[in-house]
Structure formats: C-alpha cells, structure tokens
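Here is the structure we will look at, set down as structure tokens.
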Amino acid sequence: MKENLEPVTSQSQSIQSERQSHSEGENVEVVEDLVHRNIHVKCVTKKLVKQFKKDNKSLMAKWEHIIALHQENPGYKGIRLVPKLTDSHCIPSKIPRMKVKFATQLFSQTVASNMGYLAEKGIISEDAQSTADVILFFDKLFDSLNGSYGKRKKHSKPLLGPATPNSVHHKTWTEAKIFLKNMKFVNAKTSSVEYVPTLNNWVWTLEGIELLLKKIAVKYGVTSVWLRHLNQDPIENFFGSIRSQGCRNVNPTPEGFEAAFSSLLINSLSSVHAPGANCEVDNCHALHEVLITSGGCREQINCELSEIPDIEFTPLEDKSDPRIVGGLQYVSGYFIKTAKKKVFKGCSECKKNLMSIQEHEYLKYREYANKKWLCSPSDSLLNCVSNLQDINYAIIKMCLEKKYLKELIKTVICMHIQFDFIKCELHKEKLIDFLINISCRFFIYNYCKEINKILINRRECDDDTDSYKLKAKKLYMKCFKRKK
Ligand SMILES: [Zn+2]
C-alpha cells in the first residue's frame, strides 16, 4: 500500500479527475480519499510559502517562520516552550517524508500559540503571526476530521466530538473551503505562484465528507459520526505488518496470511507500538502516571552529604526572557492543576497561596476555545518552582546515574527551599510532598526524553557542559557511521 502513496502529485491528480467523472454519492470513494488526506498533509509541509486572505487582506505564511520558532525554542534547564518540536519537524532535509506524525504535530495549537506569543514579544518576525494563523487553521481542520471523543468535559475541543447535523463541523468546513480556495503556494525563491493539487484535494475531501454525512443520515438514519472512524491508517498499518512478517511476505496465500496474522497477534500483545507506523501512538498513560504523578517510594535512604553538589540558583528576575518564563509559568500551572485535583481540591486558603487571580500573558496565548482551564500560578509558587527547576536540573545533569537519584534530589530540595508561602495547615505537608515529587518526576522524565531525542538525531546537543548530552551525541555519531 505504501507504494501508492509515493508519487504524490501526478497520481493524486489522476485519482482526482478519475473520481470526479463518477457521479456524485459514491460513498466508498469518498471514504477512500480520506487516506489521501495524508498526502495532502505532506504536500503542505513541503512547500515553503503560502499566501492566503484573511479579512480581505492578503497575508503570507512562510516556512522560515517555523524554522525561526524552532531556533527560538531553546530548552532552558529542562523546560521548553514547545517540547515536541524537533529538527525532524522543521528542517526540510530532516523531515521523514513517509511519516504523517511530523506534519500533524507541527500543525498544532501549541506551535501556533507559541509562535503568536514570540511574534508579539518581538523575538521572531511580526509576520509570523500570519504563519501562526495558517497553522491554527490546519490544526482545526485536522481536528474536525479526526474526532473520536464523547462530550466529556475533559476534551474541550468541540471539533473532536462527533459530527452531527448541528455540530460546529459544518461551519468549520464551509469556512475552510473558502479559505482553501483563496490559498496559493508561492515559490520562495522565484515568488511565482505554483500549482499543487493539495489545496483542491482538500476542498474535494471536505465536499466528499459533507456528502457522505448527508447520505448516511438520509439513507440509514445515522446522524452522529466520529470522523476518525473513516480513517484507513489502521488497515494500512495492519497490511504493512503482515507484509513485513518474516522479512518479506508480499504475496501471501490465504494460509500464509492467516499464519502471519496469528503470529502478529501473539507477538504484538507483548511488544510496543509498531515502529514508524502512521498511527497514533499509545501515549503511555500508565507509564506517565507512574513516572510523573504517582506517590513516591517509601523506603528510607540516607544520602552521603559529601555527594551533594553545590547548587547555583538563578533568581526569577534573571529568567524574565519570555522564552524562559513562559515555559516556567506553564509548568507551574500544570503542577497546580494536578495538585488541585489530587491534594487541596476546593480549599480556598490553598488557592489563595498557590494561584493567581490574574492570568499570565503567556497562558492567555495557550488557552484555546475561550475556555479558562489553565491555572495561573501565584508569584511565590512561580518562584518556588523556579528554584525546584534549578535544583533538579543541576543534580540530574551531574549525577543522573546515581542510585536513589530522587532521594538525593529530595534531600537537596529540603535543604534549600522554604515552603513558607503555603499557609494552609491542613494541606501544607501534603502539598510540599506533592511539589517535590512532581517536580522530580517531571524533570527526570523530560531530561530522559531529551537524551532519547539526541540519540536519534532529532535534536542537537544544546549544552556543552552536559556530559550526558555529549555522550548521547557521540553515541549517535558512532552508530550513524556504522550504518553507512
Ligand atoms: Zn488547604
């Protein structure tokens, strides 16, 4: 099936014209085109400059803004504004072409909101605002075609809910079609307009889906549809796995297919997600719970005092760079939100100590759908998390291999940080415990992820004083040479 995907332009064009000659309403074909949605995504990422109209003004989205955002997205002591953004998303030569993941992660609300924020702060070009608009537009469009959530409170994006006759999907699509029709690709070097089938195919896909929804409503009375169910990626992955079973199983007999299927079934029960498949990855909720939010180990371990490194604290005023303080606010807000759920719940005293009534500027950018569901940390909490960051990062960087690393970090935290700002007698002890635990787990987890990214060359080593990052880079280079 993969071969079908490769010749992007010519073939999808012919598919398109072939389909149009059929009379309307052939449901099967409409569905089929959803697979080709992936191709559209790919096309979009490859082109460099895009022109579009908003409020009747002609605006330009440029790939260079994405590269600029990538450059201005430094990790500072374990916190990064857009943690997912790597070289594989931004640097054209490093983008894996067959993997949709990188395109969909790039066209996300997080990337758009951070781009808007940095443009507003004058850190990247002001024009980047229009690139952010395009990214946001595609994020919404992807969401509107990828819904699989019920109306639970947890998922506040209504576009991820089912499409019903009165849902927001239809309005989104009508607007999207106008937007897409007005959009043009412009060659970055020659500034001439180039024709790509991507945009037309998008319009065509949307029209197909509208038609399909109408048809199944009238004919079968189905009025609520999760659009992710139209996605064929799982089948593609399934056949891909069958084919690669036993090295190259490209033309199996029915018996062979059955055998491959059963061995896959048994093997996959124990193995992790198929590597490199265009499928949503299991985001390891269970692991995440264990690593980040669960309770600590109860064992008493004593640390050698001589092992404790000196910590240099960076005062919060010196972290005023929007790229640094923004991330810190976001992470602090996340800690508080979790603490509210798990520790202090409705306690007004705790709320007063930990949360700020005024919403921080960065967090305003990150909110979406006009819902206020990020928490703004109070100044004293922000300061506390900033110190926790300094301690955690300094220790992880120096003694990652140490046994009982977390106990060591906890000891150092207790030596250096006063939690005076927490006044509530009822929750004080639990809250301190919680903050220490969550920060350790958060920073250790993030640091390991960072190292993993360096190991697979998605990120460069950004700190020459960090021996683990240097080691990871070296190891990658060694394996890379061997592969050649
Ligand atoms: Zn309380």
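What FRET efficiency comes out for THR190 versus CYS414 if R0 is 60 angstrom and r is the Cβ-Cβ distance? Round to the nearest 0.05.
Once the sixth-power term is evaluated, E becomes 0.45.
Using +1 on the beta carbon of Lys and Arg, -1 on that of Asp and Glu, and nothing else charged, what's the dipole of the range 287-473 about the Cα centre, debye to 20?
1080
Could you tell me how many cubic angstrom of Cα convex hull volume the range 368-431 has per residue? Kindly include the intermediate steps, with their values, before the conclusion.
Details: hull volume 8.9 nm³, N = 64.
Cα convex hull per residue, to the nearest whole number: 139 Å³.
Using DSSP to define loop residues, name the GluC sites (Glu not before Pro) in the range 382-483 whose beta-carbon has at most 13 other beta-carbon atoms within 10 Å.
Working: sites: GLU401, GLU407, GLU425, GLU429, GLU450, GLU460; in loops: GLU401, GLU425, GLU460.
Here the sparse-neighbourhood loop sites are GLU401, GLU425, GLU460.
Residues with beta-carbon under 10 Å from that of ASN452, excluding ASN452: net charge, scoring Lys, Arg +1 and Asp, Glu -1? Please report the intermediate quantities before stating the final value.
Working: positive: LYS449, LYS453, ARG458, ARG459; negative: GLU450.
For residues surrounding ASN452, the net value is +3.
With a ≥ b ≥ c the root eigenvalues of the C-alpha gyration tensor of the range 184-256, is it rounded (a/c under 1.5), prolate (a/b larger than b/c) or oblate?
On the way: a/c = 3.78, a/b = 1.19, b/c = 3.18.
Oblate, because a/c is 1.5 or more while a/b does not exceed b/c.
Is the shape of the range 311-380 best called rounded, prolate or oblate, per the rule: a/c under 1.5 gives rounded, else a/b larger than b/c gives prolate, else oblate, with a ≥ b ≥ c the square roots of the Cα gyration tensor eigenvalues?
Details: a/c = 2.13, a/b = 1.26, b/c = 1.70.
Verdict is oblate for the range 311-380.
Go ahead and run the numbers for FRET between SER320 and LYS403, Cβ-Cβ distance against an R0 of 45 Å, rounding to 0.05.
Details: r = 37 Å, r/R0 = 0.83.
For SER320 and LYS403, the calculated efficiency is 0.75.
Identify, among SER130, VAL225, LEU212, the residue whose Cα sits farthest towards the positive end of the charge dipole of the range 77-227, taking +1 on the Cβ of Lys and Arg and -1 on the Cβ of Asp and Glu, with the dipole about the Cα centre.
VAL225
Quick one: net charge of LEU81's neighbours, Cβ under 12 Å, K/R +1, D/E -1?
Numbers: positive: ARG80, LYS84, LYS121, ARG323, ARG366; negative: GLU72, ASP321.
That sum, taken over residues with Cβ under 12 Å, equals +3.
Hey, if you drop one equal point scatterer on each alpha-carbon of the range 287-473 and run the Debye formula without solvent, what base-10 log of I(q)/I(0) do you get at q = 0.11, 0.12, 0.14 Å⁻¹?
Here the Debye-derived log intensity ratios amount to -0.52, -0.63, -0.86.
Laboratory data are not the source of any read-out in this text; all were calculated from the coordinates shown. For clarity, every value in this text was computed on a predicted model and none was experimentally measured. Cβ sites come from the backbone with ideal geometry, for glycine too, and all protein chains shown count toward neighbours.
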